[in-house]
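Report on the structure given below.
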Amino acid sequence: MHISKFICIFAAYLIGISNFNTIIVMLNPELSGFYNFLFIMALIGLVVFISLYFVDAGYGKMRSEKWGPAINNKIGWFLMEMPVFLVMLYLWAVSPYEVVRQAPYWIFLLIFEFHYFQRSFIFPLLLKGKSKMPIVIMALSVLWNLINGYVQGWWLFHLAPKYVPDMYTVEWLTSWQFIAGTCIFFLGWCINMHSDYVIRHLRKPGDTKHYLPKKGMYRFVTSANYLGEIVEWLGWAILTWSFAGALFCWFTCCNLVPRANSIYLKYEQEFPDEFDRKKLKRIFPFLY
């Protein structure tokens, strides 16, 4: 049995489909190809995870000249995050299925775009200083965001209405998956927003020193903003209850967990007198 067929059957049972005829429908080539693609992307995520333990991603605190030409950080963030916002909106708008105009799909769209509107149009304006972002890092991020926007939007607004039309009905809004996932998503968003606020206000105007953040979730981890992002997309994976959402969460972990390790080691060297190794973890409180 091809891996995509196995995943299709597993996906069917995961989302609560036990009708044999429906499972057979889910084994068609279009869905099999989609799940094959998700499987390949998951493997790529694993490669990224391993690689980033040996090579620091060249942006933010880890930026170095070896990554080549760079552009203004604000412009880089805007160009990097905007594509996924537009792709998701486009895939919803061109969906041929009238069902995506109903409440559950509207809410999926609004939750997703809520995050990326802030990330694309507000977050860059809040950035301070004159930091730069390597163009190659920005380009790779744009590529991932385009792929991820396609994966999320294609599943929610094209494949799900066609192959599992009885899944995201109005009743889905009262399911444990949607309620728990939405709560987790906004918990992560709050952690992420507050952590970014803490980082932005570490310095007073004109101050160029580096400081160890200690407020909010930074009392427990050195990368609280990354923790918030992972929690957000864990919530997304649960509220959509899909392999597409799970891929997003998985890839976020593969990118941010090793990067959090690099930041932890950098802080440990930079603030040896303030660093509390017993209490501070990298990204997951009390664990890692």
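Every read-out reported here was derived from the displayed coordinates using simple, explicitly stated rules and does not represent laboratory data. Predicted model, so just to flag it, every value in this text is computed and none were measured. Every residue, glycine among them, receives a Cβ derived from its backbone with ideal geometry; neighbour counts consider all protein chains shown.
Summing -39500 (n - 2.57) over the DSSP H runs of n ≥ 4 in the chain and dividing by its residue number, what mean residue ellipticity at 222 nm do you reach, to the nearest 500 deg cm²/dmol?
Numbers: 11 runs with 176 residues, N = 288.
That comes out to -20500 deg cm²/dmol.
Using a Förster distance of 41 angstrom, determine the FRET efficiency expected from the C-beta separation of Leu146 and Phe275, and round it to 0.05.
On the way: r = 39 Å, r/R0 = 0.94.
So the FRET efficiency works out to roughly 0.60.
Return the loop-located trypsin sites (Lys or Arg not before Pro) in the range 114-196 (DSSP other than H, G, I, E, B) with at most 11 other Cβ atoms within 10 Å of their own Cβ; answer none if there are none.
Numbers: sites: Arg119, Lys128, Lys130, Lys132, Lys162; in loops: Lys128, Lys130.
In loop regions of the range 114-196 (DSSP not H, G, I, E or B), the sparsely surrounded trypsin sites (Lys or Arg not before Pro) are Lys130.
Here is the link list: Lys74/Lys266; Lys74/Lys278; Lys130/Lys279; Lys209/Lys278; Lys130/Lys278; Lys74/Lys204. Which ones come out longer than 30 Å on Cα distance? Mind showing how you got there, number by number?
Numbers: Lys74/Lys266 24 Å; Lys74/Lys278 36 Å; Lys130/Lys279 33 Å; Lys209/Lys278 25 Å; Lys130/Lys278 35 Å; Lys74/Lys204 20 Å.
Correct reply: Lys74/Lys278; Lys130/Lys279; Lys130/Lys278.
Once R0 is set to 45 Å, what does the formula 1/(1 + (r/R0)^6) return for the Cβ-Cβ distance between Arg101 and Lys204, expressed as a FRET efficiency to the nearest 0.05? Walk me through the numbers on the way to the answer.
Working: r = 49 Å, r/R0 = 1.10.
Rounded to the nearest 0.05, the efficiency is 0.35.
Please turn the phi angles of the range 94-101 into ³J(HN,Hα) values with the Karplus equation 6.51 cos²θ - 1.76 cosθ + 1.60 (θ = phi - 60°), one per residue in order, whole Hz, x for glycine and proline.
So the J values, rounded to whole Hz, are 9, 4, x, 9, 5, 4, 6, 8.
At 27 Å minimum axial length over the Cα atoms and a Kyte-Doolittle cut of -1.0, report the qualifying DSSP H helices in the chain, or say none. Don't jump to the answer; show the numbers that get you there.
Working: long enough: 29-51 (33 Å, 1.73); 73-93 (30 Å, 1.20); 135-154 (28 Å, 1.30); 176-200 (36 Å, 0.78); 243-270 (40 Å, 0.30).
Correct list, ordered by number: 29-51, 73-93, 135-154, 176-200, 243-270.
Over all directions, what mean area does the Cα convex hull of the chain project, stated in square nanometres? Each step should come with its number before you reach the end.
Numbers: hull surface 64.7 nm².
Answer in nm², one decimal: 16.2.
Suppose each label sits 7 Å from its Cα in the direction of the beta carbon; what would the Met193-Thr169 distance come out to in nanometres?
It works out to 3.4 nm between the two label points.
In whole angstrom, how far apart do the alpha carbon centroids of the range 227-288 and the range 74-132 sit?
22
Under the 0.36 nm per residue contour assumption, what length would be gained going from the current alpha-carbon distance of Ala42 and Phe286 to full extension? Let's see the in-between values first.
Values: separation 244, 0.36 × 244 = 87.84 nm, distance 2.67 nm.
This chain segment gains 85.2 nm when fully extended.
What full-extension length gain, to one decimal in nm, is calculated for Tyr53 and Lys162 as 0.36 nm per residue of separation minus the Cα-Cα distance?
On the way: separation 109, 0.36 × 109 = 39.24 nm, distance 4.07 nm.
Value of the extension gain: 35.2 nm.
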